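Here's the structure, in structure tokens; my notes come after.
The values are calculated or read from the model by the stated rules, or taken from the named source; none is laboratory data. Remember, predicted model here, so these are calculated numbers, not experimental data. Every residue, glycine among them, receives a Cβ derived from its backbone with ideal geometry; neighbour counts consider all protein chains shown.
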Amino acid sequence: MSHEIYTRTNQKLYFAGLSLESWRKAEQEQSINAQGQIQAEREATLFHLYGAVLGLCHEVAGYYRMPNAQAVSVDQFLNPETLKDSPSPELAELLELASYKETWLAQLLAEFSLLQKPPQPSKQAKVDPSLPLIESISLNEEKMPLGHAELEVWRKNIKELALRFRGALMEW
């Protein structure tokens, strides 16, 4: 395998594709462990998509010979201080995408961040022992985990960004 910086991004996009395919197969199965397999593939896909974004940041930082080119998290690349010290239109675009919570990149970073946190018990209303027949109901619906289709769109978006950035970063 080549040791060029871009190979890591390509590898992560490929692995995300494999995870998505395994996820599709797990959804079609009716086996006992299908739900566990779906969750595992969802997490693997998020892990590889995050890695692809990190790889893309490494590509840009390597091209511009930025001092933080070896950073180990996307957050170390996508912050205003980094852009002030080493301006780059590509990282500025990624920072802008990450800044608005309704964008795919902000959602990807938020979902990846949730994977790093320990499970949280659901909040339950206090039960009054003097009222045993009344059941409290929470109106806060749990957020449904992201679906296969949405993560596939994110993978496509990262691919398109990588191709566009690489086109601009090539020396002629």
Legend entry - All helices (runs of 4 or more DSSP H) inside the stretch 1-99 with 2 or more residues being of a type in the set (Lys, Arg): 6-28
Inset, instruction - Test residue 111 against the stated conditions and say whether it is acidic (Asp, Glu), at pLDDT 85 or above and not in a loop (DSSP other than H, G, I, E, B). - result: yes
Inset, instruction - Taking residue 91 as the residue in question, decide whether it is modelled with pLDDT under 95, buried (at least 20 other Cβ atoms within 10 Å of the Cβ) and within 27 Å of residue 170 (Cα to Cα). - result: yes
Inset, instruction - Could you check, for the stretch 19-32, whether at least one of its residues is within 28 Å of residue 147 (Cα to Cα), of a type in the set (D, E, K, R) and buried (at least 18 other Cβ atoms within 10 Å of the Cβ)? - result: no
Inset, instruction - Give the stretch 64-77 a look and list any residue that's surrounded by 19 or more Cβ atoms within 10 Å (Cβ to Cβ) and in contact (Cβ under 8 Å) with a residue 24 or more places away in the chain, or say none. - result: 74
Inset, instruction - From 56, 94, 78, 49, grab the single residue that is of a type in the set (A, V, I, L, M), within 19 Å of the chain's Cα centre (by Cα) and under 23 Å from residue 145 (Cα atoms). - result: 49
